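Below: one structure, written as structure tokens.
The values are calculated or read from the model by the stated rules, or taken from the named source; none is laboratory data. Keep in mind it's a predicted model, so treat the numbers as computed, not measured. Neighbour counts are summed over all protein chains in view; Cβ atoms, including those assigned to glycine, are modelled from backbone coordinates with ideal geometry. When the accessible area is computed, the model is the full protein with side chains, heavy atoms only, and any ligands, DNA or RNA have been set aside. Shrake-Rupley method; radii C 1.70, N 1.55, O 1.52, S 1.80 Å.
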Amino acid sequence: MQFAGLAERVASVRERIAAAVERGGHGQKVEIVAVTKNHGVEAVQAAWDAGIRHVAENRVQEAIPKMDQATAPVAWHLVGHLQRNKTKYLDRFTLFHALDSARLADAVAEHAATHGSPVAVLVQVNASGEVTKGGFTLEELAQEAAHLRGLTGLDVRGVMTMAPFDAGEATLRATFRGCAVALQTLQDAGLGATELSMGMSSDYEVAVEEGATMVRLGTILFGARTP
Ligand SMILES: *Cc1c(COP(=O)(O)O)cnc(C)c1O
């Protein structure tokens, strides 16, 4: 009964999100993307039964078998890094959140050209300046935005970021505001991007206050992961 009480946790998170939207004053709609990594396929069904419609994994190797087993018709998101030789797997996802380099952008666009429709992506930004974090810095994004716009195989929906682990509130807010600036950079380059994927279990309320339209939640919904 590991997922007993999930519906109550989802309800409580939804209430907290609504309160954070109110405090932040952005008036946005927020989608919960439930991160099932390191949990079995039962987590997907439990999420569906609790009213969740968007589910994420961070590795294709774990996602594909889980997708094959799952019967709940959730929309799948990929939120972790993807190797350039694995772009074909993106066909199975509704949205890829971790487009983290120009070379990967080219590879995804090339894959899309051979498979018909553009691939829906979020550009991962490193808005905290941590050297260990993946993604485009704000400076790199300003340089690359026009190039991204020129790739017809990409449907750039917005940006994603991860805040530093255990950051204080000031750092969190600076990171999330940087992500919003990155979205503006894409819009200024003529991209119709609107999504801000930011906020995890420990910081989603601050992220929503800063305008997040998607929060990626694992631990707070499913409990601690046993790797
Ligand atoms: C695991 C993961 C999450 C969810 O993290 P929690 O702290 O468990 O909510 C969100 N985003 C990404 C990219 C992840 O890998």
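What is the distance in Å between the Cα centroid of segment 171-227 and that of segment 7-51?
Value for the Cα centre distance between the two parts: 14 Å.
Please compute the volume of the convex hull spanned by the alpha-carbon atoms of segment 1-49 and report it per residue in Å³.
82
Evaluate segment 98-227: find the radius of gyration of its Cα atoms, find its Kirkwood radius, and give the ratio Rg to Rh.
Answer for segment 98-227: 0.99.
Could you tell me, in Å, what Rg and Dmax come out for the Cα atoms of segment 89-128?
Cα-based Rg and Dmax for segment 89-128 come out at 10.5, 36 Å.
Return the Cα extents of segment 34-123 along principal axes one, two and three, sorted largest first, each rounded to a whole Å.
38, 24, 20
Across bins of 5 angstrom width beginning at 0, how are the C-alpha pair distances of the chain distributed, in whole percent?
1, 7, 15, 19, 20, 18, 12, 7, 2, 0
Determine the share of segment 1-144's accessible area contributed by carbon and sulfur atoms, expressed in whole percent, with a 1.4 angstrom probe.
49
Averaged per residue, what accessible surface does segment 28-111 expose to a 1.4 Å probe, in Å²? Please report the intermediate quantities before stating the final value.
Details: 3510 Å² over 84 residues.
Dividing the accessible area of segment 28-111 by its residue count gives 42 Å².
Given charges of +1 on the Cβ of Lys and Arg and -1 on the Cβ of Asp and Glu, with all other atoms neutral, how large is the dipole of the chain about its Cα centre, in debye to the nearest 20?
So the magnitude is around 360 debye.
Please list D203, D155 from largest to smallest accessible area, probe radius 1.4 Å, with all protein chains kept in place.
Details: D203 15, D155 55 Å².
Output order, biggest surface exposure first: D155, D203.
Would you please give the FRET efficiency between Q2 and R177, computed as 1/(1 + (r/R0)^6) with r the Cβ-Cβ distance and R0 = 45 Å, to the nearest 0.05?
After rounding to 0.05, the efficiency reads 0.80.
So what's the back-of-envelope 222 nm ellipticity for the chain, counting only DSSP H runs of four-plus at -39500 (n - 2.57) apiece and dividing by all residues, rounded to 500?
It lands at -12500 deg cm²/dmol.
Kindly provide the Kirkwood hydrodynamic radius of segment 115-160 in Å, to one decimal, from all pairs of distinct alpha carbon atoms. Walk me through the numbers before you get to the answer.
Numbers: mean 1/r = 0.0876 Å⁻¹.
Final number for the Kirkwood radius of segment 115-160 is 11.4 Å.
Per 10 Å bin from zero, what fraction in whole % of the C-alpha pairs of segment 73-147 is there, up to the bin with the longest pair?
Values per bin, smallest distances first: 19, 50, 26, 4.
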